[in-house]
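Scroll down for the structure; my scribbles are underneath it.
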Amino acid sequence: MFPERFSNLPAYAFPRLRALLDVHAPGGEVVHMTIGEPKHAFPDWIVDIIAENSNGFGQYPVNEGMPALLLATTDWVARRYGVTLDPGTRVMALNGTREGLYNAMMALCPEQKRGKRPVVLLPNPFYQVYMVAALSVGAEPVFLNATRATGYLPDFTALAPEVLERVTVAYLCSPSNPQGAVASRQYWADLIALAEKYDFRIFADECYSEIYRDVPPVGVLQVAHEMGADPERIVAFHSLSKRSNLPGLRSGFVVAGPESIAAMKQLRNYAGAPLPMPLQHAATRLWADEAHVVENRALYARKYARADEIMGNLPGYRSPEAGFFLWLPVPDGEAAALRLWQETGVRVLPGAYLGQEAGGVNPGHGYIRVAMVAPEDEMAQGLIRLRDCLYG
């Protein structure tokens, strides 16, 4: 049986979606627009690198990442954000960012703060691993609604001091999932200043950072560096899943202060799942190469344009700043997803499945999330069917 703190845990979004839709026949040829699983081609040379290093499958992997991989990630951070890091003390390889987002909480969240139960701040809607990580360490998750009124990012500054004094970790995803909003330099600066004042860490989930329109999203590492903030305040996560279309490689990395990295490495010694060595070699090459990322971003730019062309005249439509999701307003997300499936065969995710009730509302209730990951023409056909069914 689950521990008591998990007793009210909601069903994960995708089993919940299957229970909603799969008892009904689709109303047309199926178009999958639910899960954020990239469908663009990954670099074909990756297969050769894995094959060339396949003898590494006969070795235990280097737990924290082999030196060449760690150097490749810190070199990338220097190119992308202008921040120089020591690869030996400031970075650790991850078996996908989900592992890191969860295990960082296990390693870094204290049992109490000022003699009270710790608080973990979460944007709402959110990636559900954040909430489960908080519950796993006995912390109290506090949900901050990210709505049109707040620019689709949580307003951390609106919290009362008595709550902020108990905060140990604040999660933030930028570019955000599901809304595609980007934290500005000032937004990051305000959050970092708040973390310094109230002594908590920022867990910055930046796995969508390389999918954007024109201007690269500012990152938490560069803002913290510019401010001269304590490196222990920032724990930043990056991934190859979206950047390089390799969700199955399960490769990412985390940057943090030396004390935080040491604590995460210590946990990894006992509970981690290090990346197999052939995949570490592949990841090393991927972080060093930008050409495939530029090509990938160009494909998404075409999808942004097609989505704007098809959906742009609809009331409430908002084109995302970055990422690959549309966050579309509807009267009831669950009813809209079911109708769309039964009448057209297009499969989308009710926004409420990504949120929790906070302040008497679930901010995802009146939305559906639409993943623009299918090939461009298939995506366009799905959006046309969606538009005509729900907004026609």
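The values are calculated or read from the model by the stated rules, or taken from the named source; none is laboratory data. Keep in mind that what you see is a predicted model, and the values were worked out from it rather than measured. A quick note on method: Cβ atoms are made from the backbone with ideal geometry, for glycine too, and the neighbour counts reach across all protein chains shown.
Scanning the range 264-313 for residues that are among the charged types (D, E, K, R) and either touching a Cys at 6+ places or on another chain (Cβ under 9 Å) or outside any loop (DSSP other than H, G, I, E, B) (or both) returns LYS265, ARG268, ARG285, GLU295, ARG297, ARG302, LYS303, ARG306, ASP308, GLU309.
Scanning the range 344-387 for residues that are more than 17 Å from PHE143 (Cα to Cα) and without any contact (Cβ under 8 Å) to a residue 24 or more places away in the chain returns a single hit, ASP377.
For the range 320-340, the condition of being over 25 Å from TRP76 (Cβ atoms), of a type in the set (Phe, Trp, Tyr) and more than 21 Å from the chain's Cα centre (by Cα) holds for none of the residues. I'd like to know if the range 329-351 contains one or more residues that are touching a Pro at 6+ places or on another chain (Cβ under 9 Å) and hydroxyl-bearing (Ser, Thr, Tyr). Taking every residue of the range 329-351 in turn, at least one turns out to be touching a Pro at 6+ places or on another chain (Cβ under 9 Å) and hydroxyl-bearing (Ser, Thr, Tyr). Is there a residue being of a type in the set (A, V, I, L, M) and either in contact with a Pro (Cβ under 7 Å, 6 or more places away or on another chain) or closer than 30 Å to VAL361 by Cα (or both) anywhere in the range 78-91? No - not one qualifying residue is present in the range 78-91. Looking only at the range 34-46, decide whether some residue is more than 17 Å from LEU240 (Cα to Cα), in contact with a helix residue (DSSP H, G or I) (Cβ under 9 Å, 6 or more places away or on another chain) and surrounded by 12 or more Cβ atoms within 10 Å (Cβ to Cβ). Yes, the range 34-46 contains at least one residue that is more than 17 Å from LEU240 (Cα to Cα), in contact with a helix residue (DSSP H, G or I) (Cβ under 9 Å, 6 or more places away or on another chain) and surrounded by 12 or more Cβ atoms within 10 Å (Cβ to Cβ). Quick one: is GLU259 assigned to a helix (DSSP H, G or I), more than 16 Å from the chain's Cα centre (by Cα) and closer than 24 Å to ALA134 by Cα? So GLU259 passes the test.
A Cβ distance below 7 Å, combined with a sequence gap of six or more or placement on separate chains, defines the contacts here; from the range 203-231, residues that are assigned by TED's automatic domain parsing to the domain that holds PHE253 reach residues that are part of a loop (DSSP other than H, G, I, E, B) and aliphatic (A, V, I, L, M) in the pairs PRO217/VAL182; LEU221/VAL83; GLN222/VAL83; HIS225/VAL83.
The set of residues in the range 359-372 being over 13 Å from PRO320 (Cβ atoms) and part of a loop (DSSP other than H, G, I, E, B) consists of GLY359, GLY360, ASN362, PRO363, GLY364, HIS365, GLY366.
Taking the conditions (1) within 30 Å of VAL167 (Cα to Cα); (2) β-branched (Val, Ile, Thr); (3) touching a helix residue (DSSP H, G or I) at 6+ places or on another chain (Cβ under 8 Å) in turn, VAL62 satisfies each one other than (1).
Screening GLY316 against (1) assigned to a loop (DSSP other than H, G, I, E, B); (2) under 20 Å from the mean Cα position of the chain (by Cα); (3) farther than 30 Å from PRO110 by Cβ leaves a single unmet condition, (2). Scanning the range 275-318 for residues that are surrounded by 15 or more Cβ atoms within 10 Å (Cβ to Cβ) and of a type in the set (Val, Ile, Thr) turns up THR284, VAL293, ILE310. Exactly one residue out of ALA374, ALA358 is within 18 Å of GLU37 (Cβ to Cβ), at pLDDT below 95 and not assigned by TED's automatic domain parsing to the domain that holds GLU206: that is ALA374. Note on the range 52-167: enclosed helices (runs of 4 or more DSSP H) holding 3 or more residues that are in contact (Cβ under 8 Å) with a residue 60 or more places away in the chain are 67-81, 97-108, 129-136. Taking the range 101-131 as the search range and keeping residues that are at pLDDT 95 or above and of a type in the set (Gly, Ala, Ser), which one is surrounded by the most Cβ atoms within 10 Å (Cβ to Cβ)? Applying the filter and picking the extreme gives ALA104. Scanning the range 334-350 for residues that are in contact with a Leu (Cβ under 8 Å, 6 or more places away or on another chain) and part of a helix (DSSP H, G or I) returns GLU334, ALA336, ALA337, LEU338, ARG339, LEU340, TRP341, THR344. Scoring SER260 on the criteria (1) closer than 15 Å to GLY100 by Cβ; (2) out of contact with any Ser or Thr (no Cβ under 8 Å at 6 or more places or on another chain); (3) surrounded by 24 or more Cβ atoms within 10 Å (Cβ to Cβ); (4) not β-branched (Val, Ile, Thr) leaves a single failure, condition (3).
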